[in-house]
Amino acid sequence: MWVVIVFVVLVMITIMAGVRIVPQGFKHVVQRLGKYNKTLGPGLNVIIPYIDSIAYKVTTKDIVLDIPSQDVITRDNAVMIVNAVAYINIISPEKAVYGVENYIIAIQNLVQTSLRSIVGEMDLDDALSSRDQIKARLKTAISVDLAVWGITLKTVEILDINPSETMQRAMEEQAAAERARRATVTRAEGMKTAAILEADGRLEASKRDAEAQVVLAQASQTAIDKVTQAVKDNELPVLYLLGEKYIQAVSGAASSQNTKLVILPADLQAALKGIIGGAAKAN
């Protein structure tokens, strides 16, 4: 009786060991006596108990794989910090588990190495402005290697591509120096323009002063000529005009607060004739 019970229990355990239910979104890799045998898909599956075993359980869902940040040196020796994210899908679990020791670490290292190679061929400005180009080249570079491992690369995205802190400080200092240089140039140009305008103004004023002096001299010469023609030998009008101007000048001098003593000639008419005579000799 006990033998029968034990036999029935062993049969049930054996049946249960041979039946495998694989959930949706997963595949199980079966090994037979340590060697790959087959891959079980979702649903009810049967294996040989005690001979077959489930060696690996692999997801068939899309895997979001984060690529750690790393320092990358560009062609012009600028240090940049780059990180990315890759979306992969395992289509051949047996290749993924047997083709490489750890496909997660392998993909991360492969993406990092390819990023260093691609960005290293670019200048700093090109790397900062060519994110789509880097993405396309990166996808092309790693797709073939992933296919060998039975993995499909859905897409890869560049999350951050920024200069290092040291490079950012250098760029900020360079930008500040450029702004200061432009401000200095602007001020210098403004001072130059102002100086030119001021010099032009002085030159124009000098020209106008000279022209005014010429006109005044010509007017004085014309007035003298007209007076000379009008007076000729008649001195009385001239004496009258000169006497009037002389009296006005003496009155102004006498009314000044600084004037203490005013001396008048004894013979005003003789003095005026002397002035006329001196002017005539000068002419």
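Once fully extended, how much extra length lies between GLU198 and MET1, figured as 0.36 nm per residue of separation less the alpha-carbon to alpha-carbon distance?
Values: separation 197, 0.36 × 197 = 70.92 nm, distance 12.71 nm.
Length gained between GLU198 and MET1: 58.2 nm.
List the relative contact order of the stretch 63-163 as a percent without decimals, with contacts defined as Cα pairs under 8 Å and 6+ residues apart.
On the way: 171 pairs, mean separation 42.1, N = 101.
Relative contact order, the stretch 63-163: 42 percent.
Please say if the stretch 2-59 is rounded, prolate or oblate, where rounded means a/c under 1.5 for a ≥ b ≥ c the square roots of the C-alpha gyration tensor eigenvalues, and otherwise the choice is prolate for a/b larger than b/c and oblate otherwise? If you can, show how the numbers build up before the last one.
Details: a/c = 3.94, a/b = 1.92, b/c = 2.06.
Cα axes put the stretch 2-59 in the oblate bin.
Are any of the pairs LYS61/LYS154; LYS35/LYS95; LYS35/LYS61; LYS95/LYS135; LYS27/LYS95; LYS27/LYS139 more than 19 Å apart by Cα-Cα distance, and if so, which? Walk me through the numbers on the way to the answer.
Numbers: LYS61/LYS154 12 Å; LYS35/LYS95 14 Å; LYS35/LYS61 26 Å; LYS95/LYS135 26 Å; LYS27/LYS95 13 Å; LYS27/LYS139 26 Å.
Correct reply: LYS35/LYS61; LYS95/LYS135; LYS27/LYS139.
Rounded to the nearest 0.05, what FRET efficiency do GLN70 and ALA180 give with R0 = 25 Å and r taken as the Cβ-Cβ distance? Could you check? Please report the intermediate quantities before stating the final value.
Working: r = 35 Å, r/R0 = 1.39.
The calculated FRET efficiency here is 0.10.
Taken together, the values in this text are just the output of simple stated rules run on the coordinates, not laboratory data. Quick caveat: nothing in here was measured; it's all calculated off a predicted structure. Neighbour counts are summed over all protein chains in view; Cβ atoms, including those assigned to glycine, are modelled from backbone coordinates with ideal geometry.
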